[in-house]
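The values are calculated or read from the model by the stated rules, or taken from the named source; none is laboratory data. Worth saying up front: this structure is predicted, and the values here are computed from it rather than measured. Cβ coordinates were reconstructed from backbone atoms using ideal geometry, including for glycine residues, and neighbour counts include every protein chain displayed.
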Amino acid sequence: MSTTVSDTLRDVPVLVTGASGFIGGRLAERLAVEAGARVVGTGRNFRDEARLRAAGVELVKADLRDRDAMARLCQGKQVVIHLAAWVQRGRGGEAEAHAINVDATRMLAEVAAAASVQRFVLVSTVSAYGVPSVDDIDETVPLDFAQVDLYGRTKALGEQAAQAVAKRTGLALSVIRPAMVVGPGSPGWTVGMLRLVQRGVPVLFGDGSGFAYPVYIDDVVDAILLAATRPEAVGEAFNVSGPSVDWATFFGHYGRMCGKRPRKVPMAIARAIAWANERVKLGIPLTTDRLKIYVRRLRYPTEKAERSLGWTAKVSLDEGMRNSEAWLRSEGLLHP
């Protein structure tokens, strides 16, 4: 963390929603320990409660949809960082996804503005872009508000809702769009991907030459902290990604960890699986749109974050995977 960020946030009251989650928990911990902020973190089920309390984070169990509760939590805060979200890909839940990712995001922005919060950072996702026709997806590419993927669609709509509030109220809003966040504690792109390889589930479609776009957890936290403190971030959205790498290389790291070769599936079979999953809900994270993304060589350029925030991805994929492997072994998820 830069000296400027830590000096700016020292003793500053900060609300972090979603502190019970992977990114939110790490953010809350670093805000308290490294920046010296006075952090209140909300969530529903805190997996790392002892660690967060030891770091000095005040934990509050709260329903993001409770307007009065969130209004009280915003009172006296200078910074609100909103990470809580519906993320259950491969399952139903249209109403719940919209209620949390769109309606609750709008409401939180409204109560933050009413409480005179100075900075509001919304953590969104590159999935909000959907499946554009271009391969270099920078922040000038429009969000897709009608995409098939429920998570991506509602996160895009959530951004739109927060931006409308900011325009109406003057709320100082910044948006961070992380790519595939990996590292110790990552339930999806670390634990989830390892388990797929361990179980022999097909993870490479065709020759695996499409691009993955991993970014390490602490690099994402760095970007969020810069967005919360740099004046250049107000009114802007930023991609946060590491260098793209082909899927064969990405899954090869997990194969090396567990001693199994990542399984491939011919593209024709992958298309059939995605088609069936969209119709009978097989409960797997593969749709036609996502398959289109897997086979393309996509990049989410970060020049805007580099230029405006002074952010760069510092942790290489190799280093991030080594850190992840050490954590996985410490948690008993990998064995010698």
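Worth a mention:
- Counting only helices (runs of 4 or more DSSP H) that sit wholly inside segment 281-333, those with at least 1 residues that are touching a Gly at 6+ places or on another chain (Cβ under 8 Å) and buried (at least 18 other Cβ atoms within 10 Å of the Cβ) are 288-294, 317-330.
- In segment 33-76, the residues that are surrounded by 20 or more Cβ atoms within 10 Å (Cβ to Cβ), in contact with a helix residue (DSSP H, G or I) (Cβ under 8 Å, 6 or more places away or on another chain) and assigned to a helix (DSSP H, G or I): LEU52, MET70, CYS74
- Among residues of segment 35-73, those that are among the acidic types (Asp, Glu) and within 21 Å of the chain's Cα centre (by Cα), counted: 3
- Positions within segment 287-311 being within 20 Å of VAL181 (Cβ to Cβ) and without any contact (Cβ under 8 Å) to a residue 60 or more places away in the chain, in sequence order: GLU306
- Checked against the criterion of being assigned to a helix (DSSP H, G or I) and at pLDDT below 95, the candidates LEU157, LEU196 yield just one match: LEU196.
- Candidates are the residues of segment 252-268 that are in contact (Cβ under 8 Å) with a residue 60 or more places away in the chain and not in a helix (DSSP H, G or I); the one that is surrounded by the fewest Cβ atoms within 10 Å (Cβ to Cβ) is PRO266.
- Residue list for segment 11-27, filter: under 19 Å from VAL215 (Cβ atoms) and not β-branched (Val, Ile, Thr): GLY18, GLY21, PHE22, GLY24, GLY25, ARG26, LEU27
- Residue identified as basic (Lys, Arg) and touching a residue at least 12 places away in the same chain (Cβ under 8 Å) among LYS155, LYS167: LYS155
- Among the residues of segment 83-97, those identified as touching a Phe, Trp or Tyr at 6+ places or on another chain (Cβ under 7 Å) and either part of a strand (DSSP E or B) or surrounded by fewer than 16 Cβ atoms within 10 Å (Cβ to Cβ) (or both) are GLY93, GLU96.
- Test: ALA162 is surrounded by 23 or more Cβ atoms within 10 Å (Cβ to Cβ), outside any strand (DSSP E or B) and of a type outside the set (Phe, Trp, Tyr): yes
- Pairs where the first residue, in segment 56-84, is touching a residue at least 12 places away in the same chain (Cβ under 8 Å) and the second is polar (S, T, N, Q) and assigned to a strand (DSSP E or B), C-beta under 7 Å, 6+ apart: VAL60/THR42; ALA62/THR42; LEU64/THR17; LEU73/THR42; HIS82/THR17; LEU83/THR17; ALA84/THR17; ALA84/THR42
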